[in-house]
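The structure appears right after this line, and notes come after that.
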Amino acid sequence: MPSFHNVFIAAFILAYGLKLWLALRQMRHVYVHRDAPPAVFTDSIGQEAHRKAADYTLAKTRLSLPHLALDGALLLFFTLGGGLQWLADQAAGLTGSPLWQGVILLLGLTVISSAAELPLSIYRQFVIEARFGFNRQTLAGFFVDLAKQTLLGLALGVPLILLTLWLMQVMGGMWWLWVWLAWMAFNLLVLAVYPTFIAPLFNKFKPLEDSDLKSRIENLLARTGFHSSGVFVMDGSKRSSHGNAYFTGLGKSKRIVFFDTLLGQLDPAQTEAVLAHELGHYKHRHVIKRIVLMFVLSLAMLLALAALKQADWFYAGLNVGAQTDAAALALFFLVLPVFIFPVTPLMSLYSRKHEFEADAFAAEHSHPADLVSALVALYRDNAATLTPDPVYSLFYDSHPKATERIARLQALGNLQALRI
């Protein structure tokens, strides 16, 4: 029977080899179709816009290659390279408390990984996004956001880590159930308070003022029976020219949010159609379904961790001698992505199914032609590729391909399915 060391190496080679192969496929496919937009888009998205989308996709995918190499190197460093054991030794030298040793270990892991990835994040924001005209972030603003994210992460993360490690220590064989309950309560709390307490730390929100659009939205909400705490416009333009819309929060804290950039890209009818799509997610209970799925998967992962935590071969196979609760948590969530990556298409397929359902809802409660024209404008203005590699898309794309999505909307609206 192969040792876990060899099983991990095999899974690592499979997962990272597959990721590399997919990235190379995506670059080759997008490049080959760089000068040939799908026929359905030839009247709405010009050749230059299509080339820009292709070049933007190529630039982002090329950047994914050093990111992939860095991610793999960090994983090998922390496991087989002894990095996690080194962090455990450093934590033991700083405090005699097992709980705080665990906190230091997990925070150290996060800090090292984040610091290593920071140069690539800066390059993407200030080189790639700037080259294609999307970046509006200043370097000072970037680091202010980073500081806020770090402080927020500490404020929320440290108590959660302490609680998790304490439950693992004192709750005996059923610790996994108590940790699961704590994690689920934490996630629900964050979802509830995010709109009013967390999001305003990073952006400004103001009530929608456009009277025509506001009237359209109020009528749409009345027709669909959706109740929210308000419709807001977010200053997304201070960081990027990309547009978006979403609803957030739970219960009475639900709110609808438009990026100011989106309102500059779409007319009121198109914006109403985009919102109808977002309401489709709510009406089909996609958010609830995803939360339930997250709960179930979290429970399954904790059950697996409970079994591995007591297994000497798990630590030995990854070159870690410190068999502590924190080491078990770190190792498990470090290596888990390697083993589950091959099933990524299942999650992407589930997400695309939800997008089709939300489109169908939008077609029922607004004019399908408005959503089609809105999507075309967003594809064009956000430089989204219209020709992704089919296999790459199968793994990574949470939204259907543009041609498939628009063909379905045209069928729903009995629209002419030739050119748009």
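Tabulated data
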read-out: Residue match in segment 373-389 (condition: of a type in the set (Gly, Ala, Ser), at pLDDT below 95 and on the phi > 0 side of the Ramachandran plot); value: yes
read-out: In segment 392-406, the residues that are farther than 17 Å from residue 64 by Cα and surrounded by fewer than 19 Cβ atoms within 10 Å (Cβ to Cβ); value: 394, 398, 399, 400, 401, 403, 404
read-out: Near pairs, Cβ below 7 angstrom, 6+ apart or cross-chain, from segment 277-292 (more than 18 Å from residue 370 (Cα to Cα)) to any residue that is at pLDDT below 90 and of a type in the set (Phe, Trp, Tyr); value: 282/226; 282/247
read-out: Out of 84, 106, 75, 20, sole residue that is surrounded by fewer than 16 Cβ atoms within 10 Å (Cβ to Cβ) and either under 19 Å from the mean Cα position of the chain (by Cα) or touching a residue at least 40 places away in the same chain (Cβ under 8 Å) (or both); value: 20
read-out: Residues of segment 338-385 classified as more than 20 Å from residue 412 (Cβ to Cβ) and hydrophobic (A, V, I, L, M, F, W, C), total; value: 10
read-out: Residue list for segment 306-341, restricted to those being in contact (Cβ under 8 Å) with a residue 12 or more places away in the chain and acidic (Asp, Glu); value: 325
read-out: Residue within segment 354-361 that is surrounded by 17 or more Cβ atoms within 10 Å (Cβ to Cβ) and among the acidic types (Asp, Glu) present; value: yes
read-out: Checklist (1) touching a residue at least 24 places away in the same chain (Cβ under 8 Å); (2) within 18 Å of the chain's Cα centre (by Cα) applied to residue 346, failing item; value: (1)
read-out: Unmet criterion (only one of (1) among the aliphatic types (A, V, I, L, M); (2) closer than 30 Å to residue 267 by Cα; (3) exposed (fewer than 14 other Cβ atoms within 10 Å of the Cβ)) for residue 170; value: (2)
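The values are calculated or read from the model by the stated rules, or taken from the named source; none is laboratory data. Computed from a predicted model, the values in this text were never measured in an experiment. Virtual Cβ from ideal backbone geometry, glycine too; neighbours counted across all protein chains shown.
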